[in-house]
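Reading through the structure tokens given below for one structure.
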Amino acid sequence: MDDLLKAFRLLMIGLASIAVLLLILVIGLFFWNQNPEIFSWESDSVELSESEELEPESGITEEGIHLESGLVADDGYQLIIANCTKCHSANLVTQNRGNRDYWKSLIIWMQTTQGLWELGDSEEKILDYLSKNYAPVQEGRRANLSGVQWYELED
Amino acid sequence: MKKHIAPNSSHKQESNGRRNFLKKSSMAVMAASLGIEIVHAAKLPTNYVPLAFQDSDPFKLFNKNKELIVLNNKPWNLETPPHLLDDKITPADKMFVRNNGLIPENVDVNTWTLTVDGESVSQSKTYSLSDLKSKFKNYTYQLTLECGGNGRSEFFPPASGNQWKVGAVSCANWTGIRLKDLLKDVGLKPDAVYIGYHSADSHLSNDPNKEPISRGVPIAKALQDETLIAFEMNGSPIPIAHGFPLRLVAGGFPASASGKWLNRISVRNIIHDGAKMEAPSYRVPCNPVAPGTEVSNEDMCIIESMPVKSLITYPKSGAMIPMNKKLEIRGHAWAGELEVKKVQVSIDFGATWQDCLLDPPVNRLAWQHFKTILNFPKEGYYEVWAKATDTNGTSQPMLVPGWNPKGYLNNACHRIAVKVG
């Protein structure tokens, strides 16, 4: 009688294990189907292939401005898109102006307090780009009013 | 996982193609499509889509007037052009938006709680929203909220942060309970010096251990009658961009002291040390410095009351009027913790000033309305400058005031352009 009970229990455990395994498999397949890349990365780093086609909507520039980000489309703006638009938009970059020291100290601040990653070789290029295209412009203690849109004032 | 209203949440307006693209995009595809040849990608997080590929409409998202200026779409920061601030009480659709982090999504009012804790409470206590609304008397005040960085764009050398012009200010009707009534119910220890707020928004890096902002006010400010824990703005539930379902409102202080999406208040026996309390955030040099000076953190002092200021809200800059036509000028003036005593306007760059009619504030910390009628002596280009003076006799400067590293407290006179003839 005892033996019979034991055998029965073993059988139940076996069946339960199979059910759990099946469930895991189904869930895994589901996620893989939703997000096929999740299993294709071996590490954090990614090889960038130069041969892939440029997505047509992404590289459009007008009067020297990259339309989607608003960045000056000068050498290296892609590095800004790749490294500087994860947490906030490029608006925060394009609104600000400063010399190389300013940009350098801002990067250090974001690295030490906001979770910005090491920029490696790109850092010099990013600093070149920012200090050239987003350098300060002296406008006096009070600038002239600019961008006034004239209109007839009705009563 | 918490969800957020951010440009990358799978929002309605996304086209099918874009959604597919987002779904398919791996880092490699993303990088290649940007045309990057040589990104140092080793340290780049793998699973993100740069903002260049995200979109959404803040005007629909937050029900905002289309003329608001988007300074930043992540985090959302929108400013109001001055002519839209003509209403005596700022309506929700014309209120500027300042965010330091990601706005919480799927707020559930039934489970929302507010906890009061910290070194200086007898014991910590948690309240549901309905507890708060029913247990304590409700009050309504018009309270002026101005971003500490309003006017930042005029500093030189440039100060970093969102480049606000003049429109990061509002005065709405806030309804809620007095913070002092709540603190009394909890029980304060005599060593309380500061309160700090905690909120349900998330840090931009999505690191759950980081708070985007957790500021506060000295205990004396916390105990003022007008310091509210608000649940209504202009008679309706607070809009999500402005702190639904619960917000601290401490008018007269930099608006960053008025924490949105409030879920915890800590009563501290030290100056609160939450995110953005530390230098250089919301601090200015304790002693004045020359423009561009590097200031060490110990020499930076916390901003408390905002300075005296005014805004011309009518007409919109750029008005052209015929010769001999009188021009009505309207606007508001406020002075942080103080009241405004006088507002004047000038059409000759400050050589002469004309006094305006000035209303008293509806309540303490509400902005005051001014108006006057101007005559122009001859045809030509004019600028109308407005200058307010507070009850201490301090006026707005015509030039950009003391430079400071983060570009706070620019209360220089507002001006509009007018052509006559």
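The values are calculated or read from the model by the stated rules, or taken from the named source; none is laboratory data. If you're wondering where the values come from, they're calculated on a predicted model, not measured in any experiment. Cβ coordinates were reconstructed from backbone atoms using ideal geometry, including for glycine residues, and neighbour counts include every protein chain displayed. What goes into the accessible areas is simple: the full protein's heavy atoms, side chains included, and nothing from ligands, DNA or RNA. Shrake-Rupley method; radii C 1.70, N 1.55, O 1.52, S 1.80 Å.
Worth a mention:
- Number of positions in the range B:230-254 that are open to solvent by 10 Å² or more (accessible area, probe 1.4 Å) and in contact (Cβ under 8 Å) with a residue 12 or more places away in the chain: 10
- Taken over the range B:99-125, residues that are under 16 Å from B:I240 (Cβ atoms), in contact (Cβ under 8 Å) with a residue 24 or more places away in the chain and part of a loop (DSSP other than H, G, I, E, B) amount to 8.
- Test: residue in the range B:216-226 that is in contact with a Leu (Cβ under 6 Å, 6 or more places away or on another chain) and either on the phi < 0 side of the Ramachandran plot or without any contact (Cβ under 8 Å) to a residue 60 or more places away in the chain (or both): yes
- Subset of the range B:200-225 [open to solvent by 20 Å² or more (accessible area, probe 1.4 Å), among the polar types (S, T, N, Q) and either in contact with a Phe, Trp or Tyr (Cβ under 9 Å, 6 or more places away or on another chain) or away from every other protein chain (no Cβ under 14 Å) (or both)]: B:Q224
- So B:V169, is it aliphatic (A, V, I, L, M), on the phi < 0 side of the Ramachandran plot and touching an Asp or Glu at 6+ places or on another chain (Cβ under 6 Å): yes
- Taking residues in the range B:86-98 that are farther than 21 Å from B:N72 by Cβ, and partners anywhere that are basic (K, R) and assigned to a strand (DSSP E or B), the pairs with Cβ atoms closer than 7 Å and at least 6 places apart or on different chains are B:D86/B:R330.
- In the range A:105-145, residue farthest from B:M398 (Cα to Cα) [restricted to those that are basic (K, R) and surrounded by 14 or more Cβ atoms within 10 Å (Cβ to Cβ)]: A:K125
- Any hit, the range B:348-358, residues being part of a loop (DSSP other than H, G, I, E, B), open to solvent by 40 Å² or more (accessible area, probe 1.4 Å) and at positive phi: yes
- Of all residues in the range B:63-98, those being polar (S, T, N, Q), open to solvent by less than 10 Å² (accessible area, probe 1.4 Å) and within 28 Å of B:V362 (Cβ to Cβ) number 2.
- Cβ-Cβ distances below 7 Å connect the following pairs, each with a first residue in the range B:69-84 that is in contact (Cβ under 8 Å) with a residue 12 or more places away in the chain and more than 7 Å from chain A (Cβ to nearest Cβ), a second residue that is open to solvent by 20 Å² or more (accessible area, probe 1.4 Å) and charged (D, E, K, R), and a separation of six or more residues or different chains: B:N77/B:R98; B:E79/B:K165; B:T80/B:K94; B:P81/B:E67; B:H83/B:K316; B:L84/B:E67; B:L84/B:K94.
- Residue in the range B:126-136 that is away from chain A (no Cβ under 14 Å), in a loop (DSSP other than H, G, I, E, B) and more than 27 Å from B:G101 (Cβ to Cβ) present: yes
- Considered as a group, the residues in the range B:119-168 that are of a type in the set (D, E, K, R) and farther than 27 Å from A:S131 by Cβ include one that is surrounded by the fewest Cβ atoms within 10 Å (Cβ to Cβ), and that residue is B:K137.
- For the range A:118-136, the candidate set comprises residues that are within 8 Å of chain B (Cβ to nearest Cβ) and touching a residue at least 24 places away in the same chain (Cβ under 8 Å); within that set, the residue that is farthest from the chain's Cα centre (by Cα) is A:P136.
- Flag if B:I271 is surrounded by fewer than 18 Cβ atoms within 10 Å (Cβ to Cβ), assigned by TED's automatic domain parsing to the domain that holds B:W164 and over 20 Å from the mean Cα position of the chain (by Cα): yes
- Contact map, the range B:378-390: first residue within 24 Å of B:V308 (Cβ to Cβ), second residue open to solvent by 40 Å² or more (accessible area, probe 1.4 Å) and in a loop (DSSP other than H, G, I, E, B), Cβ cut-off under 8 Å, separation 6 or more or different chains; pairs are B:E383/A:L145; B:E383/B:F349; B:W385/B:F349; B:W385/B:M398; B:K387/B:W353; B:K387/B:M398; B:D390/B:E339.
- Within the range B:371-421, being within 13 Å of another protein chain (Cβ to nearest Cβ), surrounded by fewer than 18 Cβ atoms within 10 Å (Cβ to Cβ) and either of a type in the set (G, A, S) or touching a Cys at 6+ places or on another chain (Cβ under 6 Å) (or both) holds for B:M398, B:G402, B:G421.
- Taking the range B:328-347 as the range and being outside any loop (DSSP other than H, G, I, E, B) and open to solvent by less than 30 Å² (accessible area, probe 1.4 Å) as the test, the residues that pass are B:I329, B:G331, B:H332, B:A333, B:W334, B:A335, B:V340, B:V343, B:Q344, B:V345, B:S346.
- Taking the range B:288-317 as the range and being in contact with a helix residue (DSSP H, G or I) (Cβ under 7 Å, 6 or more places away or on another chain) and open to solvent by 30 Å² or more (accessible area, probe 1.4 Å) as the test, the residues that pass are B:Y314, B:K316.
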